[in-house]
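Down below is the structure, laid out as structure tokens.
The values are calculated or read from the model by the stated rules, or taken from the named source; none is laboratory data. Quick caveat: nothing in here was measured; it's all calculated off a predicted structure. Note that each Cβ is placed from the backbone with ideal geometry, even for glycine, and that neighbours are counted across all protein chains shown.
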Amino acid sequence: MRAGGSLLLVLLLVGSTLAGCLQSSTIVDSESEPEPGVPEPEPEPLDPTLDHDGDGFTSGWELANGWDPEDALSAPECNRFRQLCRLGVNETVWATSHNSHASLDRNHNLISASQRTNITAQMEGGIRVLSLDVHEYDNQTMLCHGGYDYPLHPCFLSGNWPLQDAFDEVVSFLENNSYAVLIISLESYVTAQDVANASAAANLTRYFHAHELGTPWPSLASLIEMDERVILFSQDPPEIDLPWYHHDAEHMAKTHWAYNDTAYFNCELTRGNTSSALRWLDHYVTDPISSESAANASNQVPVILERANNCTAEWGQIPNFIAVDYWGQGDIVLAVDCGSTAVEAIEFLNSKKVDVLVLDHHQVSVPPPEPLAMVNPQLSNDYPNFQELCSVGLAFKLAHALVKRGRQEGLQKVRDLDLKQYLDLVALGTVADLVPLTGENRKLVRSGLEQLGETTRPGLVSLKKIANVSGPVTVFNIAFQLGPRLNAAGRMDNPDAALNLLLARDHYEAEKAAETLDNYNNERRKIERDTSNQAVESVRERFDPEKDFVIVEGNMEWHLGVIGIVASRVMREFYRPTFILASDGDGWKGSARSIEGFDLAEAMRGCDDLLNDHGGHAMAAGVSVKPGRLDAFRERINEIAKKTITPDMFQPPLKLDAETDLSELTLVHVEEMRQLEPLGQGNPEIQLLVAGLTLSSPVYRMGRDKQHAKFWVTDERGACEVVAWNLKPEDEPKDTFDIAIAPQINDFNDRRTVQLKLIDWRPAKD
């Protein structure tokens with residue numbers, strides 16, 4: 001992930017002197033305690049027009065929206081920070097992107113671009129002020145970069161797209177972020193009526209706030225209460241009466257609009273009304289055009305902070321708007337869960353003087369990349385306890401180290417920070433990433449499951465609800481109910497819905513995101529089922545057990561988002577290392593799953609010349625095959641496999657812990673076994689052999705497609721219920737048989753009973 005946090009960090013640092021302290025609602029006066037035996041008087045009803053807890057919101061609004069009006073900590077976070085809610089527009093430092101519309105992923109060219117990401121990504125990243133150049137072009141109101149001092153129209157030279165499209169994105173963001181407040185600043189070469197038309201078409205006008213010149217600016221909380229969460233400024237006054245169309249020269253003062261070097265940065269106000277309440281600081285370098293390398297220098301935290309503090313001292317007020325190019329550039333690029341093989345990408349960033357920190361658990365390439373720092377347990381065997389941590393576990397450990405250092409340095413903000421509150425997320429990510437639940441991972445997941453069961457995060461509460469997870473949360477719940485829904489968004493489209501869920505500030509936003517994820521998951525399951533059936537049949541048609549030590553199967557029509565799951569299904573069906581591939585537009589891209597004893601990551605290193613890219617673990621990996629080299633890759637990877645795989649490795653091992661009988665499988669004994677939880681990868685469930693059983697009831701088929709079964713068995717010492725998942729009717733046990741089972745406890749209708757999960761069975765020996 002790219003860390004665009006340098007600007008946001010500065011906003012907190014610059015604004016911290018104004019934020020003040022949250023007022024406590026639980027002040028106790030010892031002299032006012034009632035005398036014994038005297039009933040306490042009924043509390044007076046709250047005045048709905050007042051802010052009783054000092055959080056910025058009126059009590060009536062808080063009550064109506066599910067917040068505690070007497071608890072300052074029970075309140076929304078305005079623009080991601082609760083401290084901002086009470087502050088006026090002029091008391092807040094706003095994250096501002098210069099020429100927000102002129103982004104590389106909006107087809108603006110390198111000469112005209114000032115940003116890399118589109119405005120939706122900017123808003124999701126924390127940008128709250130969008131600056132837009134508006135032109136008339138081809139009889140439309142368009143966003144382009146530049147004025148009319150060029151020989152050709154700026155929309156022809158720079159790239160262009162409709163203003164309404166930008167407004168549509170703003171509306172969508174506001175609808176999904178109920179406590180976001182935005183400012184739009186126009187460099188306009190069209191009429192106010194043109195802007196009004198585009199706004200009306202996008203249904204944005206309903207969010208506009210009209211501010212009367214000379215009156216105090218409202219607080220962010222007030223704007224949220226009124227649902228007037230957009231303030232629009234323009235360089236030109238409106239030619240028609242539009243109360244929400246503010247002439248920026250009247251309402252703010254601005255610095256010079258461009259500098260050739262950071263050395264020329266100053267605080268001189270060259271535009272606008274210096275007696276106004278707002279200050280705009282243009283903080284970017286054009287030499288002669290905007291560039292990411294220039295942004296890397298100007299967006300450094302010390303550079304922004306020094307200039308902001310200098311200007312505050314000179315003006316007697318803070319800079320409200322700090323406008324930057326390439327907002328995501330700055331002090332460091334943080335690569336999480338990737339980067340251990342990104343030699344070329346990191347070399348490029350190094351050449352641009354961008355520091356890179358890699359936080360990853362995948363195997364490291366040979367030769368390795370050269371970031372500023374790499375946190376990866378694969379680098380050394382000196383830390384065996386951390387060898388199997390996944391990236392969320394590493395992130396937690398890094399955060400713990402930073403907090404520890406902060407406390408040693410006496411930093412106030414980290415002194416009382418309790419990282420245990422994040423263990424629910426750690427458990428979620430650790431289980432979903434299929435790393436072994438041993439050592440450090442087991443400790444983190446065990447504590448994290450407790451946190452997850454009691455979590456108050458709106459996103460996780462809504463996710464549990466839609467997945468029908470209640471009560472104590474188990475590894476099973478994460479692996480088969482919560483994790484698949486979170487992953488479904490990225491598999492089917494993009495992961496934004498999952499991110500929105502985890503970042504949701506209220507239950508309304510969370511429930512919308514959870515519903516979206518559930519829909520994605522239903523779609524994923526259908527596509528996965530169809531693709532798996534196709535893949536299994538395709539492999540079966542040409543499978544040769546004597547030659548195919550590794551299965552490599554591809555189809556240009558398969559959905560990239562499900563091929564990892566399909567690879568697991570095919571691997572289980574044939575029990576061979578399996579690569580499943582689909583088209584990525586330029587060639588073959590796929591996922592791989594392995595069997596015990598065959599290291600995928602190591603094997604793919606022997607195929608470097610046939611691959612664009614590869615990475616992963618011994619048991620799971622990703623791969624991109626060069627166009628036209630699929631057959632050669634299939635042949636090469638099989639040659640490598642034949643040197644390490646023996647025929648006996650093609651039999652999936654069934655590791656049983658002990659033999660028992662049904663009389664021993666009591667509720668008390670199974671409860672004792674649960675002390676070994678959490679169970680999962682590397683710490684498997686207890687598997688037992690029970691011999692000499694017969695059916696004591698007919699087999700009951702269940703599931704939508706009757707693919708599962710339930711039946712009772714007896715050994716004359718006792719009887720017990722068995723559940724069998726994905727058991728074909730022709731594979732049902734009969735006569736006298738032995739079974740391999742995993743004992744479980746079935747909680748149903750407040751009744752707890754022992755239930756045996758069928759792993760395998762065989763006819764009983766005579």
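So here's what we get for this one:
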| quantity | calculated |
| --- | --- |
| Residue match in region 735-744 (condition: in a strand (DSSP E or B) and touching an Asp or Glu at 6+ places or on another chain (Cβ under 7 Å)) | yes |
| Candidate set: region 442-476, residues that are without any contact (Cβ under 8 Å) to a residue 12 or more places away in the chain and under 17 Å from ASP747 (Cβ atoms); chosen: the one surrounded by the fewest Cβ atoms within 10 Å (Cβ to Cβ) | SER470 |
| Set ASP261, ASP236, ASP241, ASP227: member being on the phi > 0 side of the Ramachandran plot and surrounded by fewer than 17 Cβ atoms within 10 Å (Cβ to Cβ) | ASP227 |
| Selected residue (criterion: farthest from CYS78 (Cα to Cα)) from residues of region 167-192 that are among the aromatic types (Phe, Trp, Tyr) and part of a loop (DSSP other than H, G, I, E, B) | TYR189 |
| Selected residue (only one of VAL392, VAL356, VAL336 is within 19 Å of the chain's Cα centre (by Cα), surrounded by 20 or more Cβ atoms within 10 Å (Cβ to Cβ) and aliphatic (A, V, I, L, M)) | VAL392 |
| Residue match in region 685-705 (condition: part of a strand (DSSP E or B), within 30 Å of MET619 (Cα to Cα) and among the aliphatic types (A, V, I, L, M)) | yes |
| Positions within region 193-208 being surrounded by fewer than 16 Cβ atoms within 10 Å (Cβ to Cβ) and within 13 Å of PRO238 (Cα to Cα), in sequence order | GLN193 |
| Considering residues of region 295-327 that are under 26 Å from the mean Cα position of the chain (by Cα) and of a type in the set (Val, Ile, Thr) only, the residue farthest from HIS256 (Cα to Cα) | VAL301 |
| Selected residue [buried (at least 19 other Cβ atoms within 10 Å of the Cβ), assigned by TED's automatic domain parsing to the domain that holds PHE167 and assigned to a loop (DSSP other than H, G, I, E, B)] from TRP217, TRP280 | TRP217 |
| Set ALA345, ALA294, ALA308: member being under 30 Å from GLU212 (Cβ atoms), assigned to a helix (DSSP H, G or I) and touching a strand residue (DSSP E or B) at 6+ places or on another chain (Cβ under 9 Å) | ALA308 |
| All positions within region 72-108 that are in a helix (DSSP H, G or I) and either over 29 Å from CYS311 (Cα atoms) or without any contact (Cβ under 8 Å) to a residue 40 or more places away in the chain (or both) | LEU104, ASP105, ARG106 |
| Residue match in region 109-117 (condition: out of contact with any His (no Cβ under 9 Å at 6 or more places or on another chain), assigned by TED's automatic domain parsing to the domain that holds LEU157, surrounded by 17 or more Cβ atoms within 10 Å (Cβ to Cβ) and part of a helix (DSSP H, G or I)) | no |
| Output for region 351-389, where each listed residue is of a type outside the set (A, V, I, L, M, F, W, C), modelled with pLDDT of 80 or more and not in a loop (DSSP other than H, G, I, E, B) | PRO377, GLN378 |
| Qualifying position, being over 26 Å from ILE289 (Cβ atoms), touching a residue at least 12 places away in the same chain (Cβ under 8 Å) and in a helix (DSSP H, G or I), among VAL392, VAL303 | VAL392 |
| Extreme residue, nearest to ASN266 (Cα to Cα), among residues of region 244-255 that are of a type in the set (A, V, I, L, M) and surrounded by 19 or more Cβ atoms within 10 Å (Cβ to Cβ) | ALA253 |
| Count of residues meeting criterion [surrounded by fewer than 21 Cβ atoms within 10 Å (Cβ to Cβ) and either basic (Lys, Arg) or outside any helix (DSSP H, G or I) (or both)] in region 487-530 | 9 |
